[in-house]
Amino acid sequence: MDKNKKILIGKMAAVLLVIPALMYAFAEGPEVRKTGAPGDSTCASCHLGTAGTGNVQIAWAGGSSYTPGGAKQSVTVTITDPAARVYGFQLTARQKGSDDYKSGAAGSFTPPDASIFVLCDDGSERDRLPGKICPAQFPVEFIEHSAPRTTGVFTFDWTPPTTDIGNVRFYAAGNAANGNGQNTGDKIYTKVLELTPAEAVAPQKPAIRATQPVLQAFSGAPGLSAGTWLEIYGTNLSTTTREWAGSDFQGNQAPTQLEGVKVNINNKAAFVRYISPTQINVQAPDDDSTGPVRVEVVNANGTSDPVIVDKTKVSPALLTTPSFNVGGKQYLAALFPDFVTFVGRSGLIAGVPFRPAKPGETIIVFAVGCGATTPASPAGQFFSDARPLASPVQVQFGGTVAAASAFLAANSVGLCQFNVTVPDVADGDIRINATVDGAATGQTLFTTIQR
């Protein structure tokens, strides 16, 4: 199994994505350089048709200018044609006056979902590359449809260049297709939108928010202990968004920075799993101290003002997710040993396999904030063996104590696993509680029992 597939199991959610299968010429979007920009051809080279009465328009949320170093904003490409049945597009952003394929890149695109994607100038899909950036020798980006739409409106984000590079032009080619499954009878329209640079935005140092700045994973409540997983919220935390990958690890050691973004907890480096402008997810480092500690974010623009968080020996939290809140009850995201089927009444969440648990069955419960193991498992590392927790664990169904074994899951970073035998309790939804070393999770969670 690939290493980065073994690492921390995150919050689980059921996502069903249904994309109609539409088979047209270049249904998945054209090759690069079909925008009509200098040095590019247009889609008219592959879609053959007579002149049409429609058009393509480009709308940039920033108006007629861009702010160097400014935040990303939306771009909307709208294609109209009275005879069209389906639509597609390709757009690029270039420094005005540049037609060299190795230069002229201007800013970066962010697709909203899988229906739109970004290609580099060598034809590779940017978001499948390490770091989600185009290689230095092919920096120009092209954003386009991955499947044609029955409406001609495509919206995505563009982040301006960090410095003033002069005027920037968006070049777009829109395809108003007749949907005949061939490349004949389609209409290709082009458009250019030119933006002038506004006053540059001075880099802002990261800022952790004042209210609920640091929350524990799984519970979403304040909490901090050595080795637990945390979510840090604020602004200007990072200029990019990404999770760690296997290439970020050194052996079995997790990274303490991504793209230059770091987090210090009580002056010790945390292990960074996810970064974005408004949220960072980290594993807290090993540290025996308890009580008030400082948490700060560091990036290329400086160090945030610290926030003070109360640190305890353990801070257990059981795995759940907002999508498991059904009918006003928050259900535990427990699994059967097949690691496919969740514990709960059948049909609890559409498209997700559920069944109730029976007394005597074993269910799998994941947790964070469980403290030390025997033998020791240093924070930021994963191990091939499961390591028992050093502190006692108790799991209760209502008021009935269940037999449970507790350990750090193999091949994971900071993820605890409880193998719990369901006790002889009444059928129905029943509250499930857990403590580690006597410390309760503080969560109100339910699971479902049915003989």
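The values are calculated or read from the model by the stated rules, or taken from the named source; none is laboratory data. Bear in mind the structure is a predicted one, so any value in this text is a computation, not a measurement. For neighbour counting, all protein chains shown are included, and Cβ atoms are generated from backbone atoms with ideal geometry for every residue, glycine included. Note: accessible area is taken over every heavy atom of the protein model, side chains too, but ligands, DNA and RNA are not part of it. Shrake-Rupley method; radii C 1.70, N 1.55, O 1.52, S 1.80 Å.
Restricting the first member to region 19-44 and to residues that are among the basic types (K, R), and the second to residues that are open to solvent by 90 Å² or more (accessible area, probe 1.4 Å) and at pLDDT below 60, the beta-carbon pairs closer than 9 Å and six or more apart or on different chains are R33/Y101.
Limited to region 23-54, what total is found for residues that are of a type in the set (S, T, Y), assigned to a loop (DSSP other than H, G, I, E, B) and either crowded, with 17+ Cβ neighbours inside 10 Å or at pLDDT 90 or above (or both)? The number of residues fulfilling the criteria is 1. Taken over region 387-400, residues that are open to solvent by 40 Å² or more (accessible area, probe 1.4 Å) and either in contact with a helix residue (DSSP H, G or I) (Cβ under 8 Å, 6 or more places away or on another chain) or not in a strand (DSSP E or B) (or both) amount to 3.
Answer with yes or no whether N264 is within 19 Å of D287 (Cα to Cα) and either in contact with a helix residue (DSSP H, G or I) (Cβ under 7 Å, 6 or more places away or on another chain) or buried (at least 18 other Cβ atoms within 10 Å of the Cβ) (or both). Considered against the rule, which asks whether it is within 19 Å of D287 (Cα to Cα) and either in contact with a helix residue (DSSP H, G or I) (Cβ under 7 Å, 6 or more places away or on another chain) or buried (at least 18 other Cβ atoms within 10 Å of the Cβ) (or both), N264 comes out as yes.
In region 401-441, what residues are in a strand (DSSP E or B) and exposed (fewer than 14 other Cβ atoms within 10 Å of the Cβ)? Selection gives V401, G428, A440.
If you go through region 154-188 and keep only what is open to solvent by 30 Å² or more (accessible area, probe 1.4 Å), in contact with a strand residue (DSSP E or B) (Cβ under 6 Å, 6 or more places away or on another chain) and within 18 Å of K72 (Cα to Cα), you end up with T155, D157, T159, D164, I165, N167, R169.
Just checking, which of P130, P112 is exposed (fewer than 13 other Cβ atoms within 10 Å of the Cβ), at pLDDT below 85 and closer than 28 Å to D248 by Cβ? Show your work before the answer.
On the way: P112 fails: at pLDDT below 85.
So the residue among P130, P112 that is exposed (fewer than 13 other Cβ atoms within 10 Å of the Cβ), at pLDDT below 85 and closer than 28 Å to D248 by Cβ is P130.
Name the residue that is modelled with the lowest pLDDT, counting only residues in region 66-107 that are polar (S, T, N, Q) and within 11 Å of V140 (Cβ to Cβ). The residue in question is S103. For region 55-72, the set of residues classified as crowded, with 17+ Cβ neighbours inside 10 Å, assigned to a strand (DSSP E or B) and not hydroxyl-bearing (S, T, Y) consists of V56, I58, W60, listed by residue number.
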